[in-house]
Amino acid sequence: MRKKIISWVVLTIFGITVGVIDLHLYPNKILAAANVSIARIAEQNRENLNKEKHQNKEKFEKVLIGSWHRSPTMMTGMLNLYTFSKDKSFIFKYRRSDTEKRMIDISGKWEIIHENLLYLIITDETVIEGGEFIKDINQFTGWALHNGTPTKKKVDPPREVIYPLKDLKIDEKFDEEHVSPIMVKIGGEQYWKYGSIQDEESLKNVPLIQKIFFNESI
């Protein structure tokens, strides 16, 4: 037993001695091994981050298709409204209650860049030309533009706008016929999913909404 203990002590001391000698004689070797390990961890972290960004980008590209209203309900009339199509075209209609505004809508192309940024290229706009402003006590400002002519124009050169997309979620606070709409912030403003271009009935299909929202295959 005593011999075994002595042998174990000797081997332990030998191992420590070899390790110390190796550390002093080959410091670059130890450092290189540590750097390789750190580099592998960093590379794995980058891969995971890129994968997550790609998944978020796909989620926004899938969910955005359809119409998004500035309010969760249309009962008070149409407010600002985005409509995004599968062919990556879009149109933004300004609220109808602003009777002094000459700009009716803008349109162009859209895409998602850098995970959660909405990139808009505005190529066309519809404005009201001519007409006159008449006092109207029924309007918020007391004035309204009458007898103008809506005219569609090309935007040359096209304008580019980038809005961050945030807080994509199912809005459980608003419940219409037991269906909670999807909500997202576009440029800091809340918009609610009003419908789908291809199938407006899809909003009534809760499982479909959940599949789209959680980026599951349909």
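No value in this document is a laboratory result; all are computed from the given coordinates. What you see is a predicted model; the values in this text were computed from it and never measured. Positions of Cβ are generated from backbone atoms using ideal geometry, with glycine treated the same way; all protein chains shown enter the neighbour counts.
Data for the structure
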quantity	calculated
Test: residue in segment 120-143 that is in a loop (DSSP other than H, G, I, E, B), under 24 Å from residue 62 (Cβ atoms) and touching a strand residue (DSSP E or B) at 6+ places or on another chain (Cβ under 8 Å)	no
Unique residue being closer than 23 Å to residue 170 by Cα and either over 16 Å from the mean Cα position of the chain (by Cα) or surrounded by 16 or more Cβ atoms within 10 Å (Cβ to Cβ) (or both) when the list is 89, 67, 97	67
Positions within segment 93-111 being free of Cβ contacts under 8 Å to residues at least 40 places away in the same chain, of a type in the set (Ser, Thr, Tyr) and part of a loop (DSSP other than H, G, I, E, B), in sequence order	94
